[in-house]
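> Before anything else, here's the structure in question.
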Amino acid sequence: MSRQRVVWFIVSIAIFLTFSVLGYVISIEQNHENLAEQVSINTPISQVAKTLGVSVKNLANELKVKDEIDKKKSIAFYGIDKEEFTYAVEHILSHKPVVFKQFIMLGLSVFGALFLLFWGKGKDCKALHYNRLPYYIVLLITIWASFWFGKSPSPMEGIVKLFKAHAGLYPDVAAKTIGPTILLILFVVVVNKLICGWACPFGALQELFNSIPALRRYKLKIPFWISNTIRGGIFFAFIMILFGVVGDLHGVTIYHYVNPFNLFDFKFEYVSIGITVVLSLAFGLIIYRPFCHFVCPMGFVSWIFEQVSIFKVRIDKDKCLECGECVMACPSNACKAILEEKKIKPDCYSCARCLSSCPVDAIKYGLKIKKNNKGV
């Protein structure tokens with residue numbers, strides 16, 4: 001490693017540790033009162049909703065109460081027993097943000113950005129260009145943090161909460177809209193799909209499954225128009241159902257029934273969640289990030305903003321030999337679209353495989369290549 005790369009490596013480590021320490025300090029200063037002990041089946045519904053930080057409509061959905069809700073009545077009035085109530089409260093609280101984990105995810109994302117921009121690429125030894133080890137270490141830390149803290153927060157949950165808030169399932173729309181969701185989108189606009197690629201726990205699991213060398217010859221690349229049509233269709237159905245446009249299902253969130261992040265809490269509320277996890281990891285052996293490409297709402301929304309990302313994979317067409325090495329190295333269809341200068345490109349998860357594959361160093365992660373280079 002050159003001295004400059006070593007300096008950037010140290011800076012990356014320092015920034016990650018700073019984010020982690022800051023997140024820890026903020027988390028221990030938060031109010032850790034047990035909210036579950038402040039409410040019971042005899043507490044008025046309005047008070048329960050306020051204590052848990054959700055709307056009465058959201059609480060009713062969790063309790064599966066279909067009748068018109070009287071906010072002054074108690075939970076017990078609607079025939080909800082203690083076990084059902086406890087289960088609903090635990091499910092609501094499982095979606096509470098974990099500040100420490102949020103800061104770890106942000107720190108890992110910044111670490112990844114600095115790796116791709118500054119110290120991942122060697123000048124003297126091509127074999128050291130974008131070594132895979134730092135990436136795999138980050139993926140393992142991401143997975144470890146999620147098993148430690150649980151499923152919340154997750155990139156997928158951040159996007160879902162945005163729409164749930166506007167559907168009236170949270171009393172404070174701004175709190176659910178401004179903050180985590182805006183930060184996620186901002187990251188995508190600045191450094192592409194880096195949070196999904198480096199700091200999403202279920203994405204990390206799929207990435208590791210897909211990286212098993214023994215199965216390399218069996219890899220499949222599903223045409224992007226197929227995967228994105230399915231993913232977009234599911235997202236459209238989610239919106240229609242959540243806002244009550246389709247049927248009498250206002251407030252119902254279909255992603256809850258296929259949320260693989262429940263794996264990190266070991267809580268499978270529905271059989272469909274377990275099936276989603278198994279199928280995603282099984283197909284993930286031969287298809288790159290199938291849940292991300294076919295289902296994830298964060299994957300769909302971030303793909304839209306990804307089209308205008310500032311820092312991302314670029315190809316210098318002056319240097320490019322069009323040998324196809326980068327296309328073969330890319331686990332999805334993203335690099336092929338970049339090489340062909342498509343206006344709308346598939347998801348790129350910033351995995352850096354293409355960056356280390358080019359024999360003439362025509363690929364970089366960064367700003368748009370100057371026009372006099374005739375690059376992308």
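The values are calculated or read from the model by the stated rules, or taken from the named source; none is laboratory data. All figures in this text were calculated on a predicted structure; none of them were measured in a lab. Neighbour counts are summed over all protein chains in view; Cβ atoms, including those assigned to glycine, are modelled from backbone coordinates with ideal geometry. The accessibility values were calculated without ligands, DNA or RNA, using every heavy atom of the protein model including side chains. Shrake-Rupley method; radii C 1.70, N 1.55, O 1.52, S 1.80 Å.
> I need the full set of residues from the range 204-229 which are in a helix (DSSP H, G or I) and either surrounded by 14 or more Cβ atoms within 10 Å (Cβ to Cβ) or acidic (Asp, Glu) (or both), in order please.
The answer is Ala204, Leu205, Gln206, Glu207, Leu208, Phe209, Asn210, Phe224, Ser227, Asn228.
> Give the residue that is modelled with the lowest pLDDT, with candidates limited to residues of the range 349-376 that are among the aliphatic types (A, V, I, L, M) and assigned to a loop (DSSP other than H, G, I, E, B).
Among residues in the range 349-376 that are among the aliphatic types (A, V, I, L, M) and assigned to a loop (DSSP other than H, G, I, E, B), the one modelled with the lowest pLDDT is Val376.
> Still on this model: Restricting the search to the range 69-108, which residues are basic (Lys, Arg), assigned to a helix (DSSP H, G or I) and open to solvent by 30 Å² or more (accessible area, probe 1.4 Å)?
Across the range 69-108, the qualifying residue is only Lys82.
> Would you confirm whether or not the range 298-313 contains a residue that is buried (at least 17 other Cβ atoms within 10 Å of the Cβ), in contact (Cβ under 8 Å) with a residue 24 or more places away in the chain, among the small types (Gly, Ala, Ser) and closer than 17 Å to Trp225 by Cα?
yes
> Pairs only if they're at least six apart or on different chains, beta carbon under 6 angstrom, first in the range 246-268 and modelled with pLDDT under 90, second of a type in the set (Lys, Arg) and open to solvent by 40 Å² or more (accessible area, probe 1.4 Å); list them, first residue then second.
Listed by first residue and then by second, the contacts come to Gly251/Lys57.
> Quick one: what pairs do we get from the range 329-348, first residue within 18 Å of Val301 (Cβ to Cβ), second of a type in the set (Asp, Glu), C-beta under 9 Å, 6+ apart or different chains?
Going by the 9 Å Cβ cut-off, the qualifying pairs are Ser332/Asp347; Ala334/Asp347; Lys345/Glu306; Asp347/Glu306; Cys348/Glu306.
> Conditions first: (1) modelled with pLDDT of 95 or more; (2) open to solvent by 30 Å² or more (accessible area, probe 1.4 Å). Pro346 passes all but one, so which condition is the exception?
All conditions pass for Pro346, except number (2).
> In the range 7-29, which residue that is under 13 Å from Lys101 (Cβ atoms) and of a type in the set (S, T, N, Q) is modelled with the lowest pLDDT?
Within the range 7-29, the match that is modelled with the lowest pLDDT is Ser27.
> Working only within the range 278-297, note down all residues that are outside any loop (DSSP other than H, G, I, E, B), in contact (Cβ under 8 Å) with a residue 24 or more places away in the chain and β-branched (Val, Ile, Thr).
Selection gives Ile287 alone.
> Which of the residues spanning the range 50-59 are of a type in the set (A, V, I, L, M, F, W, C) and either touching a residue at least 60 places away in the same chain (Cβ under 8 Å) or buried (at least 20 other Cβ atoms within 10 Å of the Cβ) (or both)?
Selection gives Leu52, Val54, Leu59.
> If Ala49 satisfies all but one of (1) part of a helix (DSSP H, G or I); (2) at pLDDT 85 or above, what's the number of the condition it fails?
It is condition (2) that Ala49 fails.
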